[in-house]
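The structure is given below, and queries will be raised subsequently.
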Amino acid sequence: MEELSNLPPAAWVLIGGAAALGFGVSWLWRWYRQYSNRKALRAAVTAAGSDHLVDMLVPDGMGGGFHVDFLLLTARGILVIDLRDVQGNIFGGDQMADWTVMDGPRRFTFTNPQSSLYDRIAAVKAVAGEVPVEGRIVFTRRGKFPKGLPKWTLMVDALRAEFPSVDYDSSALTRFTEPWQRVKTTVKPSYMAHMR
């Protein structure tokens, strides 16, 4: 201890600077990893569409709006994505009011997201007009459904298999161009953007 008290002030400055530098590098590395993970997740979701919108507010017809995580233009029409990043084993079903998540000692529930997905699909249909509009609740790789997936639920890795992308100028998308443009001009950026 006596040796520490005899250190010159310059040594203390160097020790403090090294500690601050170590903390800064650690913080920057964590930020970069989170940024990279979010970017990879966004790319995995948007790969299923030929064009996309992220974190948008779709009018609900009553002066409000529904937050939509992703809107994708696919060869089958417009796809509404409700993205969920939940870690652990997820137990949910079509008739259950709440879905349960078990992650080691942690256990929590969240409201069945299917009914809010139906509301978002209806809002997009009201804007898009005569074009097929589908919706999926997409979970990241951090979650697992040990008892099977509920209706309209997908894991992010299965999204592109169910909705293979085509080029934006493909003839398969020609009939959706006008409704898609109508959606793009009607929706607004959402203040509820939470992960991208």
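Each reported figure results from applying straightforward, stated rules to the coordinates on display, with no laboratory input. These figures come from a predicted structure and were not determined experimentally. Cβ placement follows ideal geometry from the backbone for every residue including glycine, while neighbour counts extend to all protein chains displayed.
What does the extension gain come out to for Ala19 and Leu7, with contour length at 0.36 nm per residue minus their alpha carbon separation?
Extending this stretch completely gives an extra 2.7 nm.
Next up: Full extension from Arg160 to Arg142: what is 0.36 nm times the residue separation minus their Cα-Cα distance, to one decimal in nm?
4.7 nm
Still on this structure, I have one more. Return one number: the angle in degrees, 0 to 90 and rounded to the nearest 10, between the long axis of the Cα atoms of helix 177-186 and the longest principal axis of the Cα atoms of the chain.
Computed tilt is about 50 degrees.
Next question. Expressed as a whole number of Å, what is the distance separating the alpha-carbon centroids of segment 35-73 and segment 170-186?
Result: 16 Å between the Cα centres.
Rounded to whole Hz and in sequence order, give me ³J(HN,Hα) for segment 149-162 from the Karplus expression 6.51 cos²θ - 1.76 cosθ + 1.60, θ = phi - 60°, writing x for Gly and Pro.
7, x, 4, 6, 10, 9, 8, 4, 5, 8, 4, 5, 5, 6
Tell me which residues come under 5 Å, amide H to amide H, from Ser165 once H is placed; ignore anything under 5 positions away on its chain.
Residues meeting the amide H criterion: none.
For a quick check, take a GNM of the chain with Cα springs below 10 Å and name the residue from Trp29, Trp99, Trp152 with the largest mean-square fluctuation.
Of Trp29, Trp99, Trp152, the most mobile in the Gaussian network model is Trp29.
Assuming R0 = 41 Å, what is the FRET efficiency of Ala75 and Leu28, from their Cβ-Cβ distance, to the nearest 0.05?
0.50
Please give the helix 114-128 orientation as an angle from the longest Cα principal axis of the chain, in degrees from 0 to 90, rounded to the nearest 10.
Compared with the principal axis, the helix lies near 60 degrees.
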